[in-house]
Amino acid sequence: MAAQLLDGRAVSKAMLAELRADVVEFGRVHGRRPTLATVLVGDDPASHTYVRMKVNRCGQVGIQSRRIDLDEKTDTKELCRVIGELSADPEVDGILLQHPVPGHIDERAAFEAIDPGKDVDGVTRTSFAAMAFTEDGFASATPGGIMALLDAYEIPLAGRHAVVIGRSAILGKPMGMLLLGRDATVTYCHSRTANLREHVQRADIVVAAVGVPGLVKGEWVKPGAVVIDAGYADNQGDVDFDTAAQRASYITPVPGGVGPMTIATLLTQTLHAAQHRTTTTTLTH
Ligand code: NAP
């Protein structure tokens, strides 16, 4: 393998160690711990695993978690009511709605029930706008985690051509916006893109955020390109790792690349939400 691994496990471990110290300091100053509420609808085993991992990580860094698991049959109105209560609850700093939610639920409506000040997973329109306008706000957790990983390895972005495959509102689109905000030249690809291979061949940085295992072939990768694989379907990434690693300069493993960075970003943003809420509350009293 020629490429250097972008080791999300190692980088996130360092981030979480720093976060733990900051959480202790927050507790010392404010006499309470930041709290993340997780909301999960239904019985999808993968979603249960993701929520469990997030709750475990909360415990490791001293963030309090409040886990709310709802029945598969929960409708949009009820879900929005539950999220609305958490939004209004002064003891809750951050809210994570585990997605995807069951198909009968209006996911966008549920996301928008999250108070933007508690949107630590970066899924509301307010957070999207902050990323688009390069203003302060919460980044979508996976794109935010990818940016932190690129920065940890000091990978230059300005002037480089980034190809983002995927255009979902919580991953592909914000990923491109964050790269654009750092002066990369961004191309978006999606299921209707003609000649995906040719776009990838021109990329200095490839971010695959699709959910189709092995979609990106190693021979498409420009020698020396940086390859980020956010995909995670059937326990596999979107990139054919073995062949891509022969040509890339840096590449994320799956697992152990993007996933741990997503959680570290979510928890870091939970502390930021708590700090911001405390400051705002103090100022208004
Ligand atoms: P999504 O909403 O299903 O979006 C998938 C995107 O991929 C869509 O924009 C779709 O295009 C595009 N696409 C589908 N087939 C394609 C093809 N053959 N060629 C090019 N583009 C294609 O999924 P998502 O929520 O963004 O998640 C994407 C992947 O990331 C999934 O595997 C998910 O598990 C993973 N993920 C990982 C993390 C993490 O922490 N590691 C977090 C979130 C998601 P259209 O828009 O045209 O349909």
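The values are calculated or read from the model by the stated rules, or taken from the named source; none is laboratory data. All values reported here derive from a predicted model rather than from experimental measurement. Using ideal geometry, Cβ is built from the backbone for each residue, glycine included, and neighbour counts are taken over all protein chains shown. Keep in mind that these areas ignore ligands, DNA and RNA; they rest on the heavy atoms of the full protein, side chains included. Shrake-Rupley method; radii C 1.70, N 1.55, O 1.52, S 1.80 Å.
Tally up the residues in the stretch 247-262 that are part of a loop (DSSP other than H, G, I, E, B) and more than 10 Å from the ligand (Cβ to nearest atom), please.
5
Based on what the data block shows, is Thr124 more than 18 Å from the chain's Cα centre (by Cα) and among the hydroxyl-bearing types (Ser, Thr, Tyr)?
Answer is no for this residue.
Name the residue, out of Ile105, Ile155, that is buried (at least 19 other Cβ atoms within 10 Å of the Cβ) and in contact with a strand residue (DSSP E or B) (Cβ under 7 Å, 6 or more places away or on another chain).
Testing whether each residue is buried (at least 19 other Cβ atoms within 10 Å of the Cβ) and in contact with a strand residue (DSSP E or B) (Cβ under 7 Å, 6 or more places away or on another chain) leaves just Ile105.
With the condition kept exactly as written, say whether any residue in the stretch 251-268 is open to solvent by 10 Å² or more (accessible area, probe 1.4 Å) and over 15 Å from Leu149 (Cα atoms).
No: zero hits.
Say we look at the stretch 172-206 and pick out the residues that are among the basic types (Lys, Arg) and within 14 Å of the ligand (Cβ to nearest atom); which of these is most open to solvent (accessible area, probe 1.4 Å)?
Per the criteria, the residue is Arg192.
Which of the numbered conditions does Arg167 fail, given that it passes all the others? Conditions: (1) within 13 Å of the ligand (Cβ to nearest atom); (2) open to solvent by less than 60 Å² (accessible area, probe 1.4 Å); (3) touching a strand residue (DSSP E or B) at 6+ places or on another chain (Cβ under 9 Å).
Just one mismatch for Arg167, condition (2).
Looking only at the stretch 190-221, which residues are under 21 Å from the mean Cα position of the chain (by Cα) and farther than 20 Å from Gly257 by Cβ?
His190
Just the residues that are over 20 Å from Ala162 (Cβ atoms), charged (D, E, K, R) and either in a strand (DSSP E or B) or within 10 Å of the ligand (Cβ to nearest atom) (or both), please, taken from the stretch 207-246.
Asp234
Return only the number of the condition from (1) more than 27 Å from Ala208 (Cβ to Cβ); (2) free of Cβ contacts under 8 Å to residues at least 40 places away in the same chain; (3) out of contact with any Lys or Arg (no Cβ under 9 Å at 6 or more places or on another chain) that Val82 does not satisfy.
Here Val82 meets the rest and fails (2).
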